[in-house]
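Colleague: Sending over a structure as structure tokens; questions will come in a sec.
The values are calculated or read from the model by the stated rules, or taken from the named source; none is laboratory data. Since the model is a prediction, treat every value here as computed from it, not as a measurement. No Cβ is skipped: glycine too gets one built from the backbone with ideal geometry, and neighbour counts run over all protein chains shown. When the accessible area is computed, the model is the full protein with side chains, heavy atoms only, and any ligands, DNA or RNA have been set aside. Shrake-Rupley method; radii C 1.70, N 1.55, O 1.52, S 1.80 Å.
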Amino acid sequence: MTALVRSYGDRSLRSLVDLDRGLVSREIYVNEDIYKMELEQVYTRAWLFIGHESQVPNPGDFVVSRMGEEEVILVRDRKNELHVFLNTCRHRGMKVCRYDDGNTLVFTCPFHGWSYDTDGRLVGVPYYDAAYKGDMDKSEWGLPEVAQMCNYYGSVWATWDKGAPSFEDYLGPYADMARRVFQSTDGEDNGVELFNPVYKWRIPCNWKFPGFSFDGDRAHGAMTHRSINVAAIGPQGDANGGNRSPLLAPFPYTDYEMTVPELGHGGHNAIYDQPGVAPYKDTWFTEPGIDDYYREQREKKREKYKDKYIVGETAHIWPNVNIQPHRILIWHPHSAGVTESWRAYPIDRMAPQFVKDAQRRYMMRYGGPCGLTESDDMENWNYASAASTGTVAKRFPYNFMMGAGHAFKDEEGAPGMTLNYEVAEENQRSRLRRWLEFMEAGSWEDIYPVNPVSPSAGQAVKAERGTV
Amino acid sequence: MSTASDAEETKSEAIADSAVRSKKVIMITDLPEGSQVRLRNGQIAEVTANPRDGGWLFVKILESDADPSRVGTDDMAFCVDVIDVIK
Ligand code: FES
Ligand SMILES: [Fe+2]
């Protein structure tokens, strides 16, 4: 394995992330050089979420997305194939697409007019015969295309690295959960579409603040989000004091912080005590008819899964996306101190319009730039970021000790996963662990197949569940 | 009195003129499919699709005296090469 040690002052990168002791230097969240290195080491290598096939249903449809700081175009070509291209002209670099989405025959560069087919081929070059006189081979000057793309049950992912493992291998034990996220509520594969458009806004903090803490920081909920229940933003209205979760009450389960430290993925996931899917509980007290739709869907899903043990249904897919049945959260790096947050909202493709509308209104109240939960979160991430940049402030490391050394396995309940108490910082340590590996790796060969978690990484697996 | 920027503007207009080499600016953005156009190289072509970007047309070559083998082939025509709309 390539040991690529870089120094910050007199400190190596590895010395900034001490998972044994749960101490992490603030430097990795604010340092410009580390940020630039992330763009290369993390964002040109990892599989990244691009969008969903429902955003481009017809030939010629396109939607602009992002990989790291850079814009890409997800497009369906005239032969119905999906592609992901870098949004930059091969002539002088101009953006060839300046719309968020649309339908086109070609992407024509507004600068000098080079024109690219929806399959990326350069098809039009002004003055080609008269000026180039056949000296330039157009076939060598198409739009830059990602090295690998995967349409995973309707969701589209891509990487710039041809050495990366397949997307399914990248997901590892999270493959099944990721598949279920893109099912409709009756358990049908490829069952959702995304609301258009995607929410996009910028927040003044490093991408790792939200990216590494979301679905890994349950401890913040009681303090940060207490006001939400009081505001009763859920579809249940004032019922149960505005707290919807207990009303959903599936059959007996235990919630864990669940992660694959070797891969960096993880979420807050339940292990149920019995197979199958729990019966539906009504909660849409403020919107007539919605419960009827979801109850019927749930019955179909229960039938499909009656013999199967289900583990969890949300996941943070390393490095910067969290996928859930009703929302997808992406944190794009924009600069060391700025993150561009994107929210996409899946909804059952076949749902009646009034259900789609109700779900959309709920999600707008709940998340995004003006939703109540994320306003709470942003206040913390943004101010914590700012207060971590000072010369003196940077002398004091962050504390990631919660639950360190208390992880355990339950191969029967959650194969391949590492578990910890439902309020821990296990998932955040996993992400930091994988971050360090990516930042030090010379290539994918150094980090896949994965390196087993070292017993001294603050994530030693103590024992099997039931013996702790 | 002319200023430096006047001179710049005149110069870039001249460049634009020489690039176009045409007295007439043909707006191609709204040309419907089936239109026929005359191209600078003498070919006559039919518009098969219009991406409506103002820069290009998808065409089928109908007449090509200089190179008859091009007749019937699909091509793309750049805006400044469209010198007339004949139908
Ligand atoms: S930069 Fe695109 S044609 Fe010149
Ligand atoms: Fe939160």
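Colleague: Looking for something open to solvent by 60 Å² or more (accessible area, probe 1.4 Å), under 30 Å from A:Pro415 (Cα atoms) and either in contact (Cβ under 8 Å) with a residue 12 or more places away in the chain or away from ligand 1 (no atom under 16 Å from the Cβ) (or both) - is there at least one such residue anywhere in the range A:134-152? Explain how you work it out, then say what you get.
Modeller: First pass over the range A:134-152, keeping only residues open to solvent by 60 Å² or more (accessible area, probe 1.4 Å): A:135, A:137, A:139-141, A:145, A:149, A:151.
From what is left, the residues that are under 30 Å from A:Pro415 (Cα atoms) are A:149, A:151.
So of that shortlist, the ones also either in contact (Cβ under 8 Å) with a residue 12 or more places away in the chain or away from ligand 1 (no atom under 16 Å from the Cβ) (or both) come out as A:149, A:151.
Yes, the range A:134-152 contains a residue that is open to solvent by 60 Å² or more (accessible area, probe 1.4 Å), under 30 Å from A:Pro415 (Cα atoms) and either in contact (Cβ under 8 Å) with a residue 12 or more places away in the chain or away from ligand 1 (no atom under 16 Å from the Cβ) (or both).
Colleague: Among the residues of the range A:115-130, write down those that are open to solvent by 70 Å² or more (accessible area, probe 1.4 Å) and either of a type in the set (S, T, N, Q) or within 13 Å of ligand 1 (Cβ to nearest atom) (or both).
Modeller: A:Tyr127
Colleague: Suppose we filter A:Val96, A:Val75, A:Val84, A:Val106 for residues that are within 14 Å of another protein chain (Cβ to nearest Cβ), out of contact with any helix residue (DSSP H, G or I) (no Cβ under 8 Å at 6 or more places or on another chain) and within 18 Å of A:Gln148 (Cα to Cα); which single one remains? First the steps, then the outcome.
Modeller: Numbers: A:Val96 fails: within 18 Å of A:Gln148 (Cα to Cα); A:Val84 fails: within 14 Å of another protein chain (Cβ to nearest Cβ); A:Val106 fails: within 18 Å of A:Gln148 (Cα to Cα).
Among A:Val96, A:Val75, A:Val84, A:Val106, only A:Val75 is within 14 Å of another protein chain (Cβ to nearest Cβ), out of contact with any helix residue (DSSP H, G or I) (no Cβ under 8 Å at 6 or more places or on another chain) and within 18 Å of A:Gln148 (Cα to Cα).
Colleague: Mind checking which residues of the range A:200-222 are more than 12 Å from ligand 2 (Cβ to nearest atom), surrounded by fewer than 24 Cβ atoms within 10 Å (Cβ to Cβ) and either among the aromatic types (Phe, Trp, Tyr) or part of a loop (DSSP other than H, G, I, E, B) (or both)?
Modeller: Once the filter is applied, which keeps residues that are more than 12 Å from ligand 2 (Cβ to nearest atom), surrounded by fewer than 24 Cβ atoms within 10 Å (Cβ to Cβ) and either among the aromatic types (Phe, Trp, Tyr) or part of a loop (DSSP other than H, G, I, E, B) (or both), the range A:200-222 yields A:Trp201, A:Pro204.
Colleague: On to the next question. So which residues in the range A:347-363 are surrounded by 17 or more Cβ atoms within 10 Å (Cβ to Cβ), touching a Gly at 6+ places or on another chain (Cβ under 9 Å) and not aromatic (Phe, Trp, Tyr)?
Modeller: Passing the criteria: A:Asp348, A:Val355, A:Ala358, A:Met363.
Colleague: Can you go through A:Tyr366, A:Tyr383 and tell me which one is at negative phi, within 16 Å of ligand 2 (Cβ to nearest atom), of a type in the set (Ser, Thr, Tyr) and surrounded by fewer than 17 Cβ atoms within 10 Å (Cβ to Cβ)?
Modeller: Numbers: A:Tyr366 fails: surrounded by fewer than 17 Cβ atoms within 10 Å (Cβ to Cβ).
So the residue among A:Tyr366, A:Tyr383 that is at negative phi, within 16 Å of ligand 2 (Cβ to nearest atom), of a type in the set (Ser, Thr, Tyr) and surrounded by fewer than 17 Cβ atoms within 10 Å (Cβ to Cβ) is A:Tyr383.
Each row is one residue, and each column tells you yes or no for (1) open to solvent by 40 Å² or more (accessible area, probe 1.4 Å); (2) not in a strand (DSSP E or B).
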site	(1), (2)
A:Ile233	no, yes
A:Leu247	yes, yes
A:Thr259	no, no
A:His268	no, no
A:Ile271	no, no
A:Val277	no, yes
A:Phe285	yes, yes
A:Pro288	yes, yes
A:Tyr293	no, yes
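Colleague: Out of A:Trp444, A:Trp381, report the one residue that is out of contact with any Leu (no Cβ under 9 Å at 6 or more places or on another chain) and modelled with pLDDT of 95 or more.
Modeller: Unique residue meeting the criteria: A:Trp444.
Colleague: Does A:Phe408 qualify as being touching a strand residue (DSSP E or B) at 6+ places or on another chain (Cβ under 8 Å), at pLDDT 95 or above and surrounded by 14 or more Cβ atoms within 10 Å (Cβ to Cβ)? Break it down into steps so the answer makes sense when it comes.
Modeller: On the way: touching a strand residue (DSSP E or B) at 6+ places or on another chain (Cβ under 8 Å): yes; at pLDDT 95 or above: no; surrounded by 14 or more Cβ atoms within 10 Å (Cβ to Cβ): yes.
The answer is no for A:Phe408.
Colleague: Among the residues of the range B:71-85, how many are modelled with pLDDT under 95 and in a loop (DSSP other than H, G, I, E, B)?
Modeller: Number satisfying all stated conditions: 0.
Colleague: Can I ask one more? Restricting the search to the range A:67-114, which residues are closer than 20 Å to B:Leu57 by Cα, open to solvent by less than 20 Å² (accessible area, probe 1.4 Å) and in a loop (DSSP other than H, G, I, E, B)?
Modeller: A:Asp77, A:Cys89, A:Val96, A:Cys97, A:Cys109, A:Gly113, A:Trp114
Colleague: While we're here: Please go through the range A:311-329 and give me each residue that is hydrophobic (A, V, I, L, M, F, W, C), open to solvent by less than 20 Å² (accessible area, probe 1.4 Å) and farther than 16 Å from A:Thr373 by Cβ, ordered by number.
Modeller: Across the range A:311-329, the qualifying residues are A:Ala315, A:Ile317, A:Trp318, A:Val321, A:Ile323.
Colleague: Please state which of the following conditions A:Ser227 fails to meet, knowing it meets all the rest: (1) assigned to a loop (DSSP other than H, G, I, E, B); (2) farther than 30 Å from A:Tyr35 by Cβ; (3) open to solvent by 10 Å² or more (accessible area, probe 1.4 Å).
Modeller: Only one criterion in (1) assigned to a loop (DSSP other than H, G, I, E, B); (2) farther than 30 Å from A:Tyr35 by Cβ; (3) open to solvent by 10 Å² or more (accessible area, probe 1.4 Å) is unmet by A:Ser227, namely (1).
Colleague: Just to check your reading of the model, which residue among B:Ile28, B:Ile83, B:Ile44, B:Ile61 is open to solvent by 20 Å² or more (accessible area, probe 1.4 Å), more than 11 Å from chain A (Cβ to nearest Cβ) and either touching a Phe, Trp or Tyr at 6+ places or on another chain (Cβ under 8 Å) or not small (Gly, Ala, Ser) (or both)?
Modeller: Result: B:Ile83 is the single residue among B:Ile28, B:Ile83, B:Ile44, B:Ile61 that is open to solvent by 20 Å² or more (accessible area, probe 1.4 Å), more than 11 Å from chain A (Cβ to nearest Cβ) and either touching a Phe, Trp or Tyr at 6+ places or on another chain (Cβ under 8 Å) or not small (Gly, Ala, Ser) (or both).
Colleague: What number of residues in the range B:64-77 are open to solvent by 20 Å² or more (accessible area, probe 1.4 Å) and either facing another protein chain (nearest Cβ under 10 Å) or in contact (Cβ under 8 Å) with a residue 12 or more places away in the chain (or both)?
Modeller: Of the residues in that region, 8 qualify.
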